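Data block below; observations after.
What follows draws every value from the coordinates through simple rules; no lab data is involved. Remember, it's a predicted structure, so these values are computed and weren't measured experimentally. Note that we place each Cβ from the backbone using ideal geometry, even for glycine, and neighbour counts take in every protein chain shown.
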Amino acid sequence: DIAGLFRGYIACLNEQDWDNLGRFVGEKVQYNGETIGLSGYRRMLEGDFEAIPDLRFNIELLISEPPRVAARLHFDCRPKGVLFG
């Protein structure tokens with residue numbers, strides 16, 4: 001069930017369960033067109049949660065038509081400093 005898998009991924013992020021991130025993200029993950037790998041993706045997420053301590057991914061809308069999934073995520077959080085430059 002792809003929708004359930006996506007919900008598991010979001011739960012993994014919200015729980016900061018980095019040891020299980022590989023269950024949802026491949027070793028050759030790309031971000032903005034650049035291959036950063038699973039370890040790079042994890043470092044990026046750890047940095048995001050460091051910069052935004054109350055970061056939480058909230059699914060507002062989830063549509064699943066295998067093999068695709070689309071989601072609208074809602075964020076209500078406050079960075080503790082300058083974010084993204």
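With contacts taken as Cα pairs under 8 Å and at least 6 residues apart, the chain reaches a relative contact order of 26 percent. Shape analysis of the chain yields a ratio of the Cα radius of gyration to the Kirkwood radius, Rg/Rh, of 0.96. Compared with the dominant Cα axis of the chain, that is its longest principal axis, helix 2-14 is turned about 20°.
Under the simplified labelling scheme, the Ile2-Asn20 pair shows an inter-label distance of 2.2 nm, with each label point 7 Å from Cα along Cα→Cβ.
Paramagnetic label reach from Leu83 (point 7 Å along Cα→Cβ; backbone nitrogen cut-off under 16 Å): within the stretch 1-37, residues 14. Taking Cβ atoms as reference points and 12 Å as the exclusive limit, the residues near Ile52 contribute a net charge of -2, counting Lys and Arg as +1 and Asp and Glu as -1.
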